[in-house]
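The structure under discussion appears below in the form of structure tokens.
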Amino acid sequence: MSSLEIKNLHVSTGDKEIVKGVSLTINAGEIHAVMGPNGAGKSTMAKAVAGHPDYVITGGDVLIDGKSILEQESDERAREGIFLAFQYPSEIPGVSIANFLRAALQARMAEGEEIDASAYYKRLYQKMDMLKIDRKFTSRSVNEGFSGGEKKRSEILQMAMLEPKFALMDETDSGLDIDALRIVSDGVNQLRGPDLGILLITHYQRLLSYIVPDHVHVMIDGRIVKSGDKSLALELESRGYDWVKDELATA
Amino acid sequence: MQETTDTLETTIENPVSGIDQSSGNFKYDMTYDFDAGTGLNERTVDYISSVKKEAPWIREFRQNALKTFESRPLPTHWASKDLETINFDKIRYYLSQGLKPKRTWDEVPADIKQTFERLGIPEQERKFLAGVEAQFDSEAAYSNIKEAVAKQGVIFMNSTEGLREHPEIFRKFFGKVIPTGDNKFSALNSAVFSGGSFIYVPPGVKVSHPLQAYFRINAENFGQFERTLIICDEGSELTYMEGCTAPKFSTATLHSAVVELVALKGAKIQYITVQNWSSNVFNLVTKRGLAHEESEIKWIDCNIGSRLTMKYPGVVLRGRKARGEVISIALANDGQHQDTGAKMVHAADETTSTVVSKSISVGQGRATYRGVVHIPKNLKGCKNNTECDALLINTNSRTDTYPAITVRGDHHAVQHEASVSKVSAEQIFYMQQRGLTEGQAMSLSVNGFINDLARQFPMEYSVELKRLIDLEMEGSVG
């Protein structure tokens, strides 16, 4: 069984330390939710794990199945099985979703191997049907002119096609109305399974009533300050983050 | 005629220039039967004319052109000062192994044949071309037209042969679209031109497959000056493609062609260039078409490589309802300057012109767009649409746009749009996060940027263009 291990991770951007020693292990098949107020360092942690060049890891380690990935470029980490669902996915003008995914899958093949186009489209359409995405969608340029909901659905489709071992989902619920939220959550639930570990970053408990996590962690000021099961999310919802902060202060 | 000298280097100072032209970066040591020596004067011109056994009028034409060339200053008051580094005394103006091109590849000398095989020309000919001419330094080594096309009366040969065998057509159109004195480099070409294609398509003949010419520079310190003249008679149609490469030398190489097109009433000419010059080539080319009534001339111009390219394909819209179009893609990598654009001269009512230019600047690369659109006061119902888009990859690169639109009179529709966009670090990270390498990510961005234009190309050429971009972008990752 695969595991993604984040060990005492410290991350800085510029001169500022944002993540101040986070440890977290995600096993395949598990969903971990990380909750916390704005600026707690949740997204920074996810981007650093994915290898974003602006986020410098100053201490600790990230390991897949016991092997450190810190020496790897972001694309190597991706091919190793890390997928980051972006909060704000970039536009790629002129490149269709179909061609983008094809290039991403091609990049995973050995030199000289060529993707089988008809098998690829068959699989793509299968995943789109599963996620209830209109087929016309794939001929549109990646994220160009997409609504908030379309961008997130495109991220889920990419995740479905690339079949990562670990998905880091950064505020997947932000900017979604209730219908879009349901569609995206349904998608994630379809992809959920014994071979996939998910790290779900969110402000709100709302998402967690659609995607039920196995573990919930509260992150404040660059540290995980409290962990529990799904009931912790409900408690946070009713009592707010101040409750955890107060508890921390008295401890 | 001896062994191969591969000039591919193992250590590459500039990662871009070392890798990008790898497919064309090889040369053979040749013995030339005809060599005009180094430098340019009246004797050089006489030598070329004598070797070709030319008629007195053409010899005189060349000598006059030489005087024009010598009397003109370099256009550095508006163009790059880099032109001053060309040493015209150090260049060899004519090198050939003989003047008669072979009709089958088997007759072509082994090393020349091998050159073109490495560039994939015979294979393309078999696959999708109606005829091929392969020029090696100053003269065509191979020239062939499929029998079915020749039977329709289509003439396809190099300019040396054209002058000799069809002087009545050649002389009528030659130098009329681009006069000797058009600019310093058209004068230079007129003095020392050699090779290039001569094509005549008879009335009503629609050539179903493209004719192709390939221009290969093999020698160091060499100047290639091909001269192409294409005449499409009334109602005929032609697609012509040209490709070019040269090995990477430490010294500058000069390529200065003149291309003249004439589309008679109702004719259609599509002229496609995919150049992939190595980074030492000065590519200073004059291209212009003359469009008669209801005819159409379309230039598709892809400029990859070279040290400096100056090229502004143009159309003179002389007949009513004539149409002109320039589609230009330029990729300026580290150490390269692509100075490209278009000229549209409206000279009749209801004429239409379209210019779409897309440039990509990478690293220290510089892309410049220069456009001229001229619509005089006495005309009615003319239309021009110009669109210039620039893509910058990293902050050191530079792009400039110099559109000059002169429109007189009230009954015209003119549109000009320009945009500059950047490939951001965030966009590259997004693509890398999906598993693409940095080079693949940049290449995909560039291909996306030109996608709407590349789709208009014949399939084989859009595939070739994509391959060249992939090579360039792979090489540009530091």
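The values are calculated or read from the model by the stated rules, or taken from the named source; none is laboratory data. Computed from a predicted model, the values in this text were never measured in an experiment. As a convention, Cβ positions derive from the backbone with ideal geometry for all residues, glycine included, and neighbour counts pool all protein chains shown.
For the list (1) closer than 30 Å to B:Gly381 by Cβ; (2) more than 10 Å from chain A (Cβ to nearest Cβ); (3) under 24 Å from the mean Cα position of the chain (by Cα), I need the number of the one condition that B:Val463 fails.
(1)
Of all residues in segment A:39-59, count the ones that are within 17 Å of the chain's Cα centre (by Cα) and more than 25 Å from A:Arg79 (Cβ to Cβ). Lay out the reasoning, then the answer.
Step one: list which residues in segment A:39-59 are within 17 Å of the chain's Cα centre (by Cα), which gives A:40-52, A:55.
Next cut, more than 25 Å from A:Arg79 (Cβ to Cβ) only: A:40-41.
Final tally of qualifying residues: 2.
Residue-by-condition table, conditions (1) within 18 Å of A:Phe137 (Cα to Cα); (2) away from every other protein chain (no Cβ under 13 Å); (3) surrounded by 18 or more Cβ atoms within 10 Å (Cβ to Cβ); (4) not charged (D, E, K, R):
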{"site": "A:Glu155", "(1), (2), (3), (4)": "yes, no, yes, no"}
{"site": "A:Gln158", "(1), (2), (3), (4)": "yes, no, yes, yes"}
{"site": "A:Thr172", "(1), (2), (3), (4)": "no, yes, yes, yes"}
{"site": "A:Val184", "(1), (2), (3), (4)": "yes, yes, yes, yes"}
{"site": "A:Asn189", "(1), (2), (3), (4)": "no, yes, no, yes"}
{"site": "A:Gly197", "(1), (2), (3), (4)": "no, yes, yes, yes"}
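Is there a residue in segment A:168-176 that is part of a loop (DSSP other than H, G, I, E, B) and among the hydrophobic types (A, V, I, L, M, F, W, C)?
Initially, segment A:168-176 is screened for residues part of a loop (DSSP other than H, G, I, E, B), giving A:171-176.
Now narrow it down to the ones that are among the hydrophobic types (A, V, I, L, M, F, W, C): A:176.
Within segment A:168-176, one or more residues are part of a loop (DSSP other than H, G, I, E, B) and among the hydrophobic types (A, V, I, L, M, F, W, C).
From the set of residues in segment B:96-122 that are in a helix (DSSP H, G or I) and either of a type in the set (Lys, Arg) or not assigned by TED's automatic domain parsing to the domain that holds B:Lys146 (or both), which is surrounded by the fewest Cβ atoms within 10 Å (Cβ to Cβ)?
My answer is B:Arg118.
I'd like the full set of residues that are touching a Lys or Arg at 6+ places or on another chain (Cβ under 9 Å) and closer than 12 Å to B:Arg408 by Cα, limited to segment B:362-380.
Correct list: B:Val373, B:His374, B:Ile375, B:Pro376, B:Lys377, B:Asn378, B:Leu379.
Would you mind telling me which numbered condition in (1) touching a helix residue (DSSP H, G or I) at 6+ places or on another chain (Cβ under 7 Å); (2) more than 24 Å from A:Lys7 (Cα to Cα); (3) not aliphatic (A, V, I, L, M) A:Lys226 fails?
(2)
Regarding segment A:217-229, can at least one residue be identified that is buried (at least 20 other Cβ atoms within 10 Å of the Cβ) and farther than 14 Å from A:Gly36 by Cβ?
No, because not a single residue in segment A:217-229 is buried (at least 20 other Cβ atoms within 10 Å of the Cβ) and farther than 14 Å from A:Gly36 by Cβ.
Which residues, counting only those in segment B:439-449, are over 17 Å from B:Cys302 (Cα atoms) and more than 7 Å from chain A (Cβ to nearest Cβ)?
B:Gly439, B:Ala441, B:Met442
Out of segment B:397-438, which residues are hydrophobic (A, V, I, L, M, F, W, C), within 14 Å of chain A (Cβ to nearest Cβ) and closer than 26 Å to B:His337 by Cα?
Across segment B:397-438, the qualifying residues are B:Val420, B:Val423, B:Ala425, B:Ile428.
Are there any helices (runs of 4 or more DSSP H) wholly within segment B:132-242 with 2 or more residues that are closer than 21 Å to B:Lys287 by Cβ and assigned by TED's automatic domain parsing to the domain that holds B:Ile48, and if so which? Outline the logic, then answer.
On the way: elements: B:147-151, B:159-165, B:167-173, B:184-192.
Filter on segment B:132-242 gives B:159-165, B:167-173, B:184-192.
Take residues that are within 30 Å of B:Val355 (Cβ to Cβ) and tell me which of the helices (runs of 4 or more DSSP H) falling wholly in segment B:422-478 contain 3 or more.
Output list reads B:438-454, B:459-475.
Out of segment B:245-262, which residues are β-branched (Val, Ile, Thr) and not in a strand (DSSP E or B)? Spell out how you get there, then give the answer.
Looking only at segment B:245-262, we keep the residues that are β-branched (Val, Ile, Thr), and these are B:245, B:251, B:253, B:258-259, B:262.
Once the filter is applied, which keeps residues that are β-branched (Val, Ile, Thr) and not in a strand (DSSP E or B), segment B:245-262 yields only B:Thr251.
If A:Glu163 satisfies every condition in (1) over 13 Å from A:Phe83 (Cβ atoms); (2) in contact with a helix residue (DSSP H, G or I) (Cβ under 9 Å, 6 or more places away or on another chain) but one, which is the exception?
Among (1) over 13 Å from A:Phe83 (Cβ atoms); (2) in contact with a helix residue (DSSP H, G or I) (Cβ under 9 Å, 6 or more places away or on another chain), A:Glu163 violates only (1).
Output the residues belonging to segment A:82-108 that are outside any helix (DSSP H, G or I) and more than 10 Å from chain B (Cβ to nearest Cβ).
Listed by number, the list holds a single entry, A:Gln87.
For segment A:112-121, state whether one or more residues are crowded, with 16+ Cβ neighbours inside 10 Å and either within 14 Å of chain B (Cβ to nearest Cβ) or not in a loop (DSSP other than H, G, I, E, B) (or both).
yes
Go through segment A:51-76 and give me each residue that's crowded, with 23+ Cβ neighbours inside 10 Å and either of a type in the set (Phe, Trp, Tyr) or in a helix (DSSP H, G or I) (or both).
A:Ser74, A:Asp75
Yes or no: A:Ala48 in contact (Cβ under 8 Å) with a residue 12 or more places away in the chain, in contact with a strand residue (DSSP E or B) (Cβ under 7 Å, 6 or more places away or on another chain), within 14 Å of another protein chain (Cβ to nearest Cβ) and not in a strand (DSSP E or B)?
Yes: the conditions hold for A:Ala48.
Name the residue, out of B:Thr340, B:Thr354, B:Thr386, that is within 25 Å of B:Val274 (Cβ to Cβ), out of contact with any Lys or Arg (no Cβ under 9 Å at 6 or more places or on another chain) and either surrounded by 15 or more Cβ atoms within 10 Å (Cβ to Cβ) or within 14 Å of chain A (Cβ to nearest Cβ) (or both). First the steps, then the outcome.
Values: B:Thr340 fails: out of contact with any Lys or Arg (no Cβ under 9 Å at 6 or more places or on another chain); B:Thr354 fails: out of contact with any Lys or Arg (no Cβ under 9 Å at 6 or more places or on another chain).
Every option except B:Thr386 fails the conditions.
Which condition number in (1) under 25 Å from A:Ser23 (Cβ atoms); (2) in contact (Cβ under 8 Å) with a residue 12 or more places away in the chain is the one that A:Glu235 fails?
Among (1) under 25 Å from A:Ser23 (Cβ atoms); (2) in contact (Cβ under 8 Å) with a residue 12 or more places away in the chain, A:Glu235 violates only (2).
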